[in-house]
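**Student:** The structure under discussion is supplied below as structure tokens; questions concerning it will follow.
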Amino acid sequence: MSAQHMICMHNVCKSYKMGSEQLRVLKNVDFTVNKGEFTAILGPSGSGKSTLMNIIGCMDNLDSGSYELNGIPIHRTKEKELARIRNHEIGFIFQNYHLIPTYNVMQNIIMPLLMRGQDRKTAERNCREIISMLGLSDRLAHKPSELSGGQRQRVAIARALCSKPSLLLADEPTGALDQSSGAEVLALFKKLHEMGNTIVMITHDMNVAKWAHRTVDLIDGELIQ
Amino acid sequence: MRFTQILDLVRINLIQNKFKVLLTSIGIIVGAATIVCVIAIGRGGQADVAEQFRNLNAGAMDISCEQPQKGSSSRGANAAGASVRSASNTAKKTDPSASKQSGRSEKNVSGYPAELGGNTQTKSTRRITLSVDDMDDITSAVAGLSEATITYTTKQNIYGGNIEDTESYTVAGTLSDYARLSNLSMLFGDYLSDADNENKQKVCVLGYSAAKKIFGSADQAYDSLVYIADRPYTVGGVLAQQGTVESGISADEAIFIPYATGIKYLTGSNISPTITIIASDVDNISSIIDNVKAVLAQSYPDAEFTISDAGSKMEAANKSNRTLTLMLIAMACIVFIIGGIGIMNVLFVSVKERTEEIGILKAIGGSKKVILLEFIMEACCISLIGGLLGVLLSFAVTPVLTGFGLRMELSVTGALIALGFCIVTGTVFGFYPAWKASRLVPVEALSSE
């Protein structure tokens, strides 16, 4: 693995049992992402994009092959350490935002820092700059249900950014947004990339993928570089 | 994640679901209230027992003769012998202090002494009357006794004071040492003296309640006259209030007269006295009982005597109180188990409802430990809230139960025990749902919606 590589996957396979059949979702995937890259994984529905993202995000294990993130062999890492890696190295941005409905905006944003053991006040102080960059300063006491789709996604992005991860993982980040909100979020991604963040974005939309620095196609579980 | 922050998350979740928390904790509320009440009832019971036996000396033993039994047909020399001895005893006792003329006697139903026509008499109809002589026999023959006294009670019609018609009261014939042996204290005047007994004086001492009922108040009763079976008795003293007693004469309600006076003017020899002896060492009670039986068996070979010691009575009363308390605690435990199962059910539903949230927490780095702790603490907090409400409920319920005559003594210990039970219930029953939540695979939890 090169020092430049943040993600280095080799021969990764993943299959699920569907009734009596074994469904091969990822087939011998080789995939690398360099530090500072903005990569889009483009593929139609059912091509295995989300499975690949879950494996990259250390939320699912692989059947065979190897996966290293920042030089850490994820395929051999225990759950406790994976939780730590998810907290420190990865910032997730989901299509459906996945905000906790009972917590307000601030509580949602600082949650990864609280998980890390920071006290509430320090965590809030550390997030202030990001919150202001994303224009959420006047929405901090609101519950997610009181926000628009674009605002919710910005909260999710703020949550992903506040822990200063080495990798931002976005799964269809504009999938639930209208066109203008989607464009706004993508512009934000571009800006984050220019700030030096490494971003891997999964999408089925060619127009969204265009925003990325590099696009790879995933078709029927096979990655075409 | 810090413990205080997990608590903060729990707080937010509980505030968001106030009504659900209240419904979930109903079982615990009832359980905690039950525990507090049970402990209060137990303490009340203990206090009751302590109060009822307050006037009893732990080393005291009451000796009385059992009621004649039917069915036995033995007759003969023993009975006659006892009577002869009785007669000789009576003859022998010339001591004027004797009140002791009340001597030991056995009578048959027909009223003829056994030695005259006694061969037709059966044990079943024989009546044995304990006497001062028997008491003297016991005190001289049995070692380890510090004191002894003899008493009897009779129901007599009374008038005087505020009583317009006659009223029936318990009149107790006692010796002068009865007050000391029974730990009775005087409010006015003095207790009966030896001289009163020897001279068969018509004096009496009134129990506190009796004095109030007959004369309106204790001080008005003192030095007044009260008529017992149409004879005037001077009230020489009034007892201080004693409270209820489990054993012996209920002092508050009784009228005390000299032993010999009662026999002369009220009862004749038709009495069933009880001899009370005090063991100098409580540990020797069982051997003393055996010795007393042996002494009495010499005088009355066929007779059955009941010897009850105060310590055993206290122990029996405490034991029955403990049994009741244990039964109630068992009931409270069942309520707690039901409450705990309620919590477990609700937490299972909660884990199901919040699977996505668990997935999110895991995706952003929440470990199994954090999820486990959050759910367990949530269960504990629900239980604790239930416990606090339960304790408040018990405070509200206590006056109602007390109104029904149940003695309850609320205590901080009771409340703390109830809260302890709540925390244990929450932890035990909350653990499994929490463990299930912590084991969820992040990707599956996230896609659960």
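**Student:** In degrees between 0 and 90, to the nearest 10, how far off the longest principal axis of chain A does helix A:120-133 point, with axes built from Cα atoms?
**Tutor:** For A:120-133 against chain A, the angle is about 80 degrees.
**Student:** Is the shape of region B:214-344 best called rounded, prolate or oblate, per the rule: a/c under 1.5 gives rounded, else a/b larger than b/c gives prolate, else oblate, with a ≥ b ≥ c the square roots of the Cα gyration tensor eigenvalues?
**Tutor:** oblate
**Student:** Can you pull out the buried accessible area for chains B and A, both sides counted, probe 1.4 Å, rounded to the nearest 100 Å²?
**Tutor:** Adding both sides of the contact gives about 2300 Å².
**Student:** Moving on. Hey, can you list the residues from region B:336-363 whose accessible area shrinks by 20 Å² or more with all protein chains present, relative to the chain by itself (probe 1.4 Å, no ligands or nucleic acids)?
**Tutor:** The answer is B:356, B:357, B:360, B:361, B:362, B:363.
**Student:** If ligands, DNA and RNA are left out, what is the accessible area of residue B:219 with a 1.4 Å probe, given in Å² to the nearest 10?
**Tutor:** Here the residue's solvent-accessible area equals roughly 90 Å².
**Student:** Moving on. Give me the aspartates and glutamates in straight-line cross-link reach of residue B:213: C-alpha distance below 14 Å, same-chain residues under 8 apart excluded.
**Tutor:** Reachable aspartates and glutamates: B:164, B:165, B:167, B:252, B:253.
**Student:** Any of B:18/B:368; A:35/A:164; B:369/B:436; A:27/A:49 with alpha carbons more than 19 Å apart? Name them for me.
**Tutor:** B:18/B:368
**Student:** Right, next: Provide the per-residue ³J(HN,Hα) series for region B:379-384, in order, calculated from phi with Karplus coefficients 6.51, -1.76, 1.60 and θ = phi - 60°, each as a whole number of Hz, with x at glycine and proline positions.
**Tutor:** In residue order, the calculated couplings are 4, 5, 5, 4, 5, 5 Hz.
**Student:** Related question: Using a Förster radius of 56 Å, what is the FRET efficiency between residue B:217 and residue B:427 based on their Cβ-Cβ separation? Nearest 0.05, please.
**Tutor:** 0.40
**Student:** If you line up the long axis of helix A:179-194 against the longest principal axis of chain A, both from Cα atoms, how many degrees apart are they, to the nearest 10?
**Tutor:** 80 degrees
**Student:** Okay, next question. Just to verify a number: FRET efficiency for residue B:16 and residue B:333, C-beta to C-beta distance, R0 = 30 Å, to 0.05?
**Tutor:** Once the sixth-power term is evaluated, E becomes 0.40.
**Student:** Let me ask something else. Scaled to the compact-protein estimate 2.2 N^0.38 Å, what is the alpha-carbon radius of gyration of chain A, rounded to two decimal places?
**Tutor:** Against the empirical 2.2 N^0.38 Å value, I get 1.00 for chain A.
**Student:** Sorted by accessible area with a 1.4 angstrom probe, largest first, how do B:423, B:249 fall?
**Tutor:** Highest to lowest solvent-accessible surface, that is B:423, B:249.
**Student:** As a test of reading the structure, rank A:92, B:305, B:395 by solvent-accessible area (1.4 Å probe, protein chains only), most first.
**Tutor:** B:395, B:305, A:92
**Student:** Rounded, prolate or oblate for region B:150-277? Axes are the square roots of the Cα gyration tensor eigenvalues, ordered a ≥ b ≥ c, and the cut-off for rounded is a/c under 1.5.
**Tutor:** rounded
**Student:** Still on this structure, I have one more. Using a 1.4 angstrom probe, figure out how much accessible area region B:252-362 has per residue, in square angstrom, rounded to the nearest whole.
**Tutor:** About 44 Å² of surface per residue is accessible.
**Student:** Over region B:150-277, what percent of the accessible surface lies on carbon and sulfur atoms, probe 1.4 Å?
**Tutor:** 39 percent
**Student:** To the nearest 20 debye, what is the magnitude of the charge dipole of the protein assembly as shown about its Cα centre, counting +1 on the Cβ of each Lys and Arg and -1 on the Cβ of each Asp and Glu?
**Tutor:** That gives the protein assembly as shown a dipole magnitude of about 1940 debye.
**Student:** How would A:14, A:78, B:212 rank on accessible area, largest to smallest, probe 1.4 Å?
**Tutor:** A:78, B:212, A:14
**Student:** Ordered by residue, what ³J(HN,Hα) values in Hz, to whole numbers, does region B:268-278 give under the Karplus form 6.51 cos²θ - 1.76 cosθ + 1.60, where θ = phi - 60° and Gly and Pro are x?
**Tutor:** x, 8, 7, 9, 10, x, 10, 8, 10, 10, 10
**Student:** Same structure, new question: What are the principal axis extents of the Cα atoms in the protein assembly as shown, in Å, biggest first?
**Tutor:** In descending order, the Cα extents are 133, 53, 36 Å.
**Student:** While we're looking at this one, here's another question. What net charge do the residues around residue A:89 carry, taking every other residue with its C-beta under 14 Å from that of residue A:89, with Lys and Arg at +1 and Asp and Glu at -1?
**Tutor:** Result for the local shell: +3.
**Student:** Evaluate E = 1/(1 + (r/R0)^6) for residue B:159 and residue B:407, where r is the Cβ-Cβ distance and R0 equals 25 Å; express this FRET efficiency to the nearest 0.05.
**Tutor:** Between residue B:159 and residue B:407 the formula returns 0.10.
**Student:** With the solvent-accessible surface defined on protein heavy atoms using a 1.4 Å probe, which residues belonging to region A:110-129 display a reduction of at least 30 Å² in accessible area in the multichain context relative to the isolated chain?
**Tutor:** Residues shielded by partner chains are A:111, A:114, A:115, A:117, A:119.
**Student:** Cα to Cα, under 13 Å, and not fewer than 8 places away if on the same chain: which aspartates and glutamates meet these conditions relative to residue A:191?
**Tutor:** A:37
**Student:** Right, next: Straight distance only, please: which lysines reach the Cα of residue B:313 with their own Cα at less than 21 Å, same-chain residues fewer than 8 apart left out?
**Tutor:** B:293
**Student:** Counting only protein heavy atoms and a 1.4 Å probe, tell me what percentage of region A:125-199's accessible area is made up of carbon and sulfur.
**Tutor:** In region A:125-199, the share of accessible area belonging to carbon and sulfur is 46 percent.
**Student:** Step by step: find N for region B:194-263, compute 2.2 N^0.38 Å, then divide the Cα radius of gyration by it. What's the final number?
**Tutor:** 1.07
The values are calculated or read from the model by the stated rules, or taken from the named source; none is laboratory data. Bear in mind the structure is a predicted one, so any value in this text is a computation, not a measurement. Glycine also receives a Cβ, built like all others from the backbone with ideal geometry; neighbour counts cover every protein chain displayed. Side chains included, ligands, DNA and RNA excluded: accessible areas come from the protein's heavy atoms. Shrake-Rupley method; radii C 1.70, N 1.55, O 1.52, S 1.80 Å.
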